[in-house]
Amino acid sequence: MAVLPILEYPDPRLRKVAEPVTEFTDALQTKIDDMIDTMYDEQGVGLAATQVDYHYRIVVMDFSEERNEPIVFINPEFDVLDEEPNEFQEGCLSVPGFYEHIYRAAKVRVKALDRHGKPFEMDTDELMAVCVQHEIDHLDGKLMVDYLSPLKRNRIKTKLQKAQKKRA
């Protein structure tokens, strides 16, 4: 298993819409394991395949205290269960160091396949509901900065580009 590099905003590869998973191969299982390792290494609670430059509809999450209960969502979709939007402070591994208040549905039902292709549904709320929406946005080429004003989005982009140049 390996820790994969995470793409950072404004990398254009983050805008690519992910393709559905159609085959559940050994290579897919390895990629899922690598995504889980990467999420843990970066101390995130969720990671979309798009963030590691793998453009298939895969999301991994773990909300357990011990960080040993990963959930894998293949080809996830969600339905809003509560129309009233709630404001949450979100961060993103692809937008490191920034936490912004974003409105999202507080309750959603996620429908997906597990890592072996078995369908399941899960009702989520609060942080997990936010994470589901956030990660599915990644699969659709959308980022949390898209919910911000153009001025704020540009400020974040400029700061991240400066930081990326310093590391290069």
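Based on the alpha-carbon gyration tensor of the range 10-165, what equivalent-ellipsoid semi-axes (square roots of 5 times the eigenvalues) come out, in whole Å, largest first? Walk me through the intermediate numbers first.
Numbers: eigenvalues 117, 75, 41 Å².
They are 24, 19, 14 Å, listed from largest to smallest.
What longest region of the chain stays clear of GluC sites (Glu not before Pro) that DSSP places outside H, G, I, E and B and that have at most 13 other Cβ atoms within 10 Å?
On the way: sites that count: Glu23, Glu65, Glu66, Glu83.
Longest run free of exposed loop sites: 84-168.
Nearest 5 is fine: what % of DSSP beta bridges in the range 1-145 come out antiparallel, could you say? List each step's numbers first, then the result.
Numbers: 26 of 27 bridges.
Given both bridge residues lie in the range 1-145, the antiparallel proportion sits at roughly 95 percent.
Expressed as a whole percentage, what fraction of the accessible surface of the chain belongs to carbon and sulfur atoms when a 1.4 Å probe is rolled over the protein heavy atoms?
Working: 4430 of 9090 Å².
Here it works out to 49 percent.
In Å², and per residue, what accessible area does the range 108-168 have when probed at 1.4 Å with the other protein chains present?
Numbers: 3480 Å² over 61 residues.
Per-residue accessible area for the range 108-168 comes out at 57 Å².
Roughly how far apart, in whole Å, are the Cα centres of the range 58-103 and the range 129-168?
14 Å
Not counting ligands, DNA or RNA, and with a 1.4 Å probe, what is Thr50's accessible surface area in Å² rounded to the nearest 10?
We get 0 Å² for Thr50.
Given Cα pairs under 8 Å that are at least 6 residues apart, what percent is the relative contact order of the range 10-165? Kindly include the intermediate steps, with their values, before the conclusion.
Values: 259 pairs, mean separation 36.5, N = 156.
About 23 percent, as a whole number.
Protein chains only, probe 1.4 Å: how do His55, His101 rank by accessible area, largest first? List each step's numbers first, then the result.
Values: His55 25, His101 110 Å².
Heavy-atom accessible area, descending, gives His101, His55.
The values are calculated or read from the model by the stated rules, or taken from the named source; none is laboratory data. None of the values given here were measured: they were computed from a predicted structure. Cβ: placed from backbone, ideal geometry, glycine included. Neighbour counts: every protein chain shown. Accessible surface areas use protein heavy atoms only, side chains included; no ligands, DNA or RNA. Shrake-Rupley method; radii C 1.70, N 1.55, O 1.52, S 1.80 Å.
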